[in-house]
1. Can you tell me which condition ILE393 does not meet? The list is (1) touching a strand residue (DSSP E or B) at 6+ places or on another chain (Cβ under 9 Å); (2) within 30 Å of ILE15 (Cβ to Cβ), and all the others hold.
2. State yes or no: is GLU448 more than 12 Å from the ligand (Cβ to nearest atom) and closer than 21 Å to LEU389 by Cα?
3. Among LYS175, LYS250, which is outside the structural domain of SER375 (by TED's automatic domain parsing), open to solvent by 50 Å² or more (accessible area, probe 1.4 Å) and out of contact with any Ser or Thr (no Cβ under 8 Å at 6 or more places or on another chain)?
4. Hey, could you check region 199-231 for residues that are more than 24 Å from SER259 (Cβ to Cβ) and of a type in the set (D, E, K, R) and say which is least open to solvent (accessible area, probe 1.4 Å)?
5. Go through region 111-122 and give me each residue that's open to solvent by less than 50 Å² (accessible area, probe 1.4 Å) and within 23 Å of PRO71 (Cβ to Cβ).
6. Could you please tell me which pairs satisfy a Cβ distance under 7 Å, a separation of 6+ or placement on different chains, a first residue in region 117-142 that is outside the structural domain of VAL167 (by TED's automatic domain parsing), and a second residue that is surrounded by 14 or more Cβ atoms within 10 Å (Cβ to Cβ)?
7. How many residues, within region 436-473, are more than 31 Å from the chain's Cα centre (by Cα), more than 12 Å from TYR493 (Cβ to Cβ) and open to solvent by 90 Å² or more (accessible area, probe 1.4 Å)?
8. Taking only region 131-154 into account, find how many residues are open to solvent by 10 Å² or more (accessible area, probe 1.4 Å) and either part of a helix (DSSP H, G or I) or more than 21 Å from ILE2 (Cα to Cα) (or both).
Amino acid sequence: QILIIDFGSQYTQLIARRVRELDVYCEIHPFNHLPEIDASVKGIILSGSPCSVRDQDSPRLDLGQYRGQVPVLGVCYGAQLLAHVSGGDVLPAAHREYGRAVIQVGDEDSSLFAGISSGSQVWMSHGDTIVRIPDNFNILASTESVEVAAFKINEELTYGIQFHPEVTHSEDGKKLLYNFVVNICGCSQSWTSESFVDSTIRDLKFRLGNDKVVMALSGGVDSTVAATLIHRAIGDNLYCIFVDNGLLRKNEFESVLASYENMGLNIKGVDAKEQFYTALKGLTDPEAKRKAIGKTFIDVFDHEAHLLSDVKWLGQGTIYPDVIESVSVKGPSATIKSHHNVGGLPDFMKLKVVEPLNTLFKDEVRAVGSVLGISPNILKRHPFPGPGLAIRILGEVTAQKVAVLQQVDDLFIGGLRRDNLYEEVWQAGAMLLPVQSVGVMGDERTYENVVALRAVTSIDGMTADWAHLPYSFLADVSNEIINKVRGVNRVVYDISSKPPATIEWE
Ligand code: XMP
């Protein structure tokens, strides 16, 4: 594997994505929480950073322990750090350089630049620049404004590059990473979804033995794929629980439960609708609603887990971005949070945790799910929030409002599927507004609810744009909703981007 040492750059995850796209396994670790390095580490990549090596408190690392042992590639800050600690000079650039640049390859024989010619476009993003390199450094490439755009340290397989090979604007970035990871480090390109499935099931069998595992499933991609892997390893010693909180989409509970049963999972469906509606009674504040739902879920799950005996593990569908987030360079705050009140946690939270997907990115989870034969219906499903329709019903939640919103949502999502628009949008849903407006149906005046439709495009949900759905589609779906759903006489479409709006209305 390749070890990526993170100094806090916004691009670190992208480096990992690109290495994995070469079918080479890699892990990101923050510079201040590094694991023991063993023979499995074939090479090291040092990430960029928002800091400057000239600052006293910028991230530091004793690189002597790696250099000469395994190949090292410093990217941006990583390259500057290599130059700085070796006696070179790093200074603020005369003008900060962001964006496209063109490289001149100075050493055509360099393994790092094999197959990459002068004229190739690279992406720069730096305020500091290396102005002088030590004698034992060899310049491999330059740009018009940066002489030391890439270097190699003599007698070592240690390299530095000022540009970012991980962003797609660097034309030959992937080629350069291939040269480093495969040719220089000698990694085999054997890390595929199939190999992940095989080795994970083997590992889970070994770790879990005859132990029992309990796990809550949500119908979403991550928990479903995680449960399937664990089930392949330990069979019916995995006890799955799927809770109907009364806030799911129309028929979702029945249809997802049926697919879990078809998949052979040892699954128990728990009808807790009334418990959730009771907890939500009278609540209108969005945060209070979320908290009530979270607490009720824990109560229901704790009760169910206590009906099982001798359970040792809690299965979870945590994926890699959540892990990176919680052990980021910025500090271990997330870890502290989950441990500081262990005494007050429900019993199931004191179980050992098994998270088979905690090294995978979302699209890798989908690829693994597909190798496991999970239906595309589940794998391609839009994200759906844990608190469900409760945060799409503005104001107090009642069973009757849920029923109205389920019909609206079903017509909207059904329409998207029918018109082949479902996969074009990242997430879609409907909001039931606490607003009534006047309408006319036949000869009668109506005074009924307004619903808002929301569909967005996004990569990760952090930012989003409203989906530019065809007017004809919006017209059809609006008609259908007003004609078919009693209690709704007006449909509006949300055209706010995130930021400044959020995807959900609460
Ligand atoms: P916002 O509304 O913050 O949503 O733009 C971003 C993404 O997160 C989902 N979301 C949640 N998911 N529990 C969840 O599991 C929650 O409390 C929650 N709130 C928002 C939302 O559906 C969108 O995909």
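1. So the condition that ILE393 fails would be (2).
2. Yes, satisfied.
3. LYS175
4. If we take residues in region 199-231 being more than 24 Å from SER259 (Cβ to Cβ) and of a type in the set (D, E, K, R), then ASP211 is least open to solvent (accessible area, probe 1.4 Å).
5. LEU112, PHE113, ALA114, ILE116, SER120, VAL122
6. Pairs that qualify, where the first residue is outside the structural domain of VAL167 (by TED's automatic domain parsing) and the partner is surrounded by 14 or more Cβ atoms within 10 Å (Cβ to Cβ): there are none.
7. Going through region 436-473 one residue at a time, the tally reaches 6.
8. 15
The values are calculated or read from the model by the stated rules, or taken from the named source; none is laboratory data. Because the structure is predicted, anything quoted here is derived from the model rather than measured. Counting neighbours? That spans all protein chains shown, and the Cβs are built from the backbone with ideal geometry, glycine included. Heavy atoms of the whole protein, side chains included, go into the accessibility calculation; ligands, DNA and RNA do not. Shrake-Rupley method; radii C 1.70, N 1.55, O 1.52, S 1.80 Å.
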